[in-house]
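Q: First the structure, then my questions, so here it is.
Rule-based calculations on the coordinates, nothing more; no lab input. Keep in mind that this is a model prediction, so the values were computed, not measured. Neighbour counts run over all protein chains shown; Cβ positions are idealised from the backbone, glycine included.
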Amino acid sequence: MVLKKKYTGGTLVQLTINHISKEIKGKAIIKDISFNLEHGDVLGIIGPNGAGKTTIMKIICGLCQMTSGSVLLDDQPISYYYGKKEYPIGVMIESPSMYKHLSGYKNVEINALTKGIRNKEICNNAIINAGLLSSKDLRVGKYSLGMKQRLGIAMSIINDPKIVVLDEPINGLDPDGIKYVRELIKSLSNKNKIVIVSSHILSELNLVCNKVCFIKSGRMVSIINTYMESEDLETIYGQLISGGNT
């Protein structure tokens, strides 16, 4: 389990999720979800397929409108940040959006430009940190799934956002790729970022998260501080989400 570190300086960040709900054609997708996160927190969102995890993440990022409730970043509604070049949330949800006919480096460069970044050194460092230097000139259409995941993560954090939201970031990664994501999440937390991550690999969440939110049928069953728990996440999941599939 991960111990929550004391604040060591840097930008303070607070994210407040107040009673958010989402309905589509009268059907409740998520219902009355609330939690608070602050600088350095790493929140894992866990639940069976179709429980509403991705919907929660999309609402936080502003990619999906909620039916009711509010999302506040540093006491401002998330809509306040829409359209700003320095958008404070880095996102990788579902399959990363990329130009398959262009190189990995060109995809990073275009993504950076959309965020007001024209510094080639920043783009190069993003490629290097993702472990893709040797394939930076290769067309993304020829990248493996794991390489695309790494590239997508690199693009999501290129503008140094306050909050990073990663949906199944280790999907398709080999052990080296999983280690890269693990160390990246720890590094972001050490820089006082808020990280929100979902995964079906509970043993990995066990290594990086200091908080975990359990979702079942669109409702939050529980939210725990992992450093206060003696049992691992798989055991707790089995207790809270009976009949769910990890």
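Q: What net charge do the residues around Ile185 carry, taking every other residue with its C-beta under 10 Å from that of Ile185, with Lys and Arg at +1 and Asp and Glu at -1?
A: Once all neighbours under 10 Å are counted, the net charge is +1.
Q: Lys and Arg at +1, Asp and Glu at -1: add these up for the other residues within a Cβ distance under 12 Å of Gly152 and post the number.
A: Once all neighbours under 12 Å are counted, the net charge is -1.
Q: Here's another thing I want to ask about it. For a quick check, take a GNM of the chain with Cα springs below 10 Å and name the residue from Ile110, Ile60, Ile46 with the largest mean-square fluctuation.
A: Among Ile110, Ile60, Ile46, the largest mean-square fluctuation in the Gaussian network model of the chain belongs to Ile110.
Q: Among the aspartates and glutamates, which have Cα under 17 Å from the Cα of Lys179 when same-chain residues fewer than 8 positions away are ignored?
A: Within reach: Asp167, Glu168, Glu204.
Q: Here's something else I'd like to know. Among Glu94, Glu231, Glu109, which one shows the biggest mean-square fluctuation in a GNM of the chain, springs joining Cα atoms closer than 10 Å?
A: For the chain, modelled as a Gaussian network with Cα springs under 10 Å, the answer is Glu231.
Q: I would also like to ask the following. Just for the chain, what percent of DSSP beta bridges are antiparallel, to the closest 5?
A: Beta bridges within the chain, antiparallel portion: roughly 55 percent.
Q: Also, quick follow-up: Just how many pairs of Lys in the range 95-160 have C-alpha atoms closer than 13 Å, counting pairs that are eight or more places apart or on different chains?
A: Lysine pairs meeting the criterion: 6.
Q: If you don't mind, another one. If I model a spin label as a point 7 Å beyond the Cα along the Cα-Cβ vector, how far apart are those points for Ser217 and Asn125 in nm?
A: 4.9
Q: Another question, if that's okay. If Rh is defined by the Kirkwood formula over all Cα pairs and Rg also comes from Cα, what ratio Rg/Rh do you get for the chain?
A: 0.96
Q: Next question, about the same structure. Ignoring everything except DSSP H segments at least 4 long, calculate the 222 nm mean residue ellipticity for the chain; use -39,500 (n - 2.57) per segment, divide by total residues, nearest 500.
A: -9000 deg cm²/dmol
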